[in-house]
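Okay, so here's the structure we're looking at.
The values are calculated or read from the model by the stated rules, or taken from the named source; none is laboratory data. What you are looking at is a predicted structure, and each value in this text was computed from that prediction instead of being measured. FYI the Cβ positions are ideal-geometry reconstructions off the backbone, even for glycines, and counts take in every protein chain you see.
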Amino acid sequence: MIIYQRTTQQQEQNNLSIECIPPHIQHIIFELLKNATIPSLKTKTPVTISYYPHEEAPQEKVVIKLSDLGGGLKDESLIDKIFHFHFTTTPRNSKDEVNGFGMGLPLCKVFALFNQGDLKLVNNPNVGVDLFITVPRAKDDSVLSQG
């Protein structure tokens, strides 16, 4: 189950358009949802997506937060490795045509940085993972950039 939430810090902020290359952001969200869905299905818990203005630069950046309650990374040392190409947490016997190559999260990080944003992971051991995509806010919030 995927739960979508829209959160704002002020009532008048009804539109948080972002400036980005749409296929890049689509790929990031797809990859993060794919990664979050696997543990969430095992624990029968939801994946939550929310977005809001960046706390430090609300007029310049938007944060997209994706959270799961799939148990998190058991080994904290993996956090430093998770964004390196060819590193994977997928067991050898679970690899298939889509999972386990170690390309997904590193490519997401590259796409986020290319779009003047960032991608950060916060591990909550025995609870789940929060991923934060930071992207530039569109200069004119009335129009979503179509790249």
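Structure summary
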read-out: Selection from the stretch 18-30 of residues that are buried (at least 18 other Cβ atoms within 10 Å of the Cβ) and in a helix (DSSP H, G or I); value: H24, I25, I28
read-out: Filtered residue count, the stretch 60-97, keeping only those that are assigned to a loop (DSSP other than H, G, I, E, B), modelled with pLDDT under 85 and basic (K, R); value: 1
read-out: Residue within the stretch 38-59 that is in contact with a Cys (Cβ under 7 Å, 6 or more places away or on another chain), assigned to a helix (DSSP H, G or I) and modelled with pLDDT of 90 or more present; value: no
read-out: Odd one out for V122 among (1) out of contact with any helix residue (DSSP H, G or I) (no Cβ under 6 Å at 6 or more places or on another chain); (2) outside any strand (DSSP E or B); (3) loosely packed, with under 15 Cβ neighbours inside 10 Å; value: (2)
read-out: Subset tally (residues that are closer than 13 Å to E31 by Cβ and either in contact (Cβ under 8 Å) with a residue 60 or more places away in the chain or not charged (D, E, K, R) (or both)) for the stretch 107-128; value: 7
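For every residue, the table says whether it meets (1) crowded, with 18+ Cβ neighbours inside 10 Å; (2) among the charged types (D, E, K, R).
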site: T48; (1), (2): yes, no
site: L66; (1), (2): yes, no
site: K74; (1), (2): no, yes
site: L78; (1), (2): no, no
site: K81; (1), (2): no, yes
site: H84; (1), (2): no, no
site: T90; (1), (2): no, no
site: N93; (1), (2): no, no
site: D96; (1), (2): no, yes
